[in-house]
Amino acid sequence: MEMGMQGNQSTVDPAEVAKFEAMAAEWWDLEGKFKPLHMLNPCRLDYITQQISMEFDRDLSADLPFKGLRILDIGCGGGLLCEPMARLGATVVGADAAAGNIPVAKLHAEQSGLKIDYRHITAEALAEANEQFDVVLNMEVVEHVASPPAYLFACQQLLRPGGLHICSTLNRNPKSFLFAIIGAEWVMRWLPKGTHDWNKFITPDELFGLLEEAGLKPVDRKGFVFNKVAWSWSISAQDLSVNYVTASTKPT
């Protein structure tokens with residue numbers, strides 16, 4: 001969970017940060033409060049690696065295919081995406097507005113023998129320091145910030161021209177309320193009640209519009225679909241009704 005910027009305006013929502021800070025110690029517990037993310041993570045990684053390999057012409061079967069790429073994971077949490085990116089050879093910065101997440105992420109990376117630059121920092125501060133990245137990962141964050149337009153503008157500022165922005169979030173419709181709120185929080189209790197605010201969910205068309213307003217060019221969108229029989233996630237070109245992901249580029 002993270003942040004954004006437009007001028008000196010912070011989009012950090014303290015109440016949202018507090019939710020994730022309270023769960024920080026459980027990031028790497030496969031049966032804990034982040035079990036849904038661990039289940040979704042292989043699907044997220046499949047999409048992310050495919051998009052990066054296509055955009056930067058990288059062979060995923062090669063040794064360290066992302067070597068030479070600088071990747072930022074905004075709202076990095078405990079490092080569930082940072083660590084795979086580092087293993088693929090990228091130089092990785094993980095940023096999070098929840099201070100309690102950073103020690104957890106650092107310790108796990110050290111135990112895994114990985115070098116990852118974890119920072120308790122806002123997107124505003126990174127942009128003001130003129131930080132630049134080839135790829136910005138923005139996964140399940142935009143629905144938690146105070147101002148999505150300002151936050152996405154920050155993401156655009158942090159990208160090099162020609163860079164790739166990957167953003168996933170939740171659609172806003174009756175089905176997403178049923179599955180993401182009632183199902184995940186109330187019935188399955190995968191997440192604490194109140195983790196998500198359905199009113200902050202964003203439709204795919206709305207997100208594409210926000211990305212364009214931020215100065216990015218949307219190039220792809222897919223759904224993440226949960227199969228209740230197989231108990232697994234898959235990528236869908238048609239079903240964006242609940243969880244979905246977008247790819248966009250920064251014009252050169």
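Please go through segment 87-108 and give me each residue that is over 25 Å from A15 (Cβ atoms), under 18 Å from the mean Cα position of the chain (by Cα) and aliphatic (A, V, I, L, M), ordered by number.
L88, A90, V92, V93 - these are the residues of segment 87-108 that are over 25 Å from A15 (Cβ atoms), under 18 Å from the mean Cα position of the chain (by Cα) and aliphatic (A, V, I, L, M).
For the list (1) crowded, with 18+ Cβ neighbours inside 10 Å; (2) modelled with pLDDT under 70; (3) farther than 19 Å from K250 by Cβ, I need the number of the one condition that T11 fails.
Of (1) crowded, with 18+ Cβ neighbours inside 10 Å; (2) modelled with pLDDT under 70; (3) farther than 19 Å from K250 by Cβ, only one is false for T11: (2).
The values are calculated or read from the model by the stated rules, or taken from the named source; none is laboratory data. As the structure is a prediction and not an experimental result, all values here were calculated from the model. As a convention, Cβ positions derive from the backbone with ideal geometry for all residues, glycine included, and neighbour counts pool all protein chains shown.
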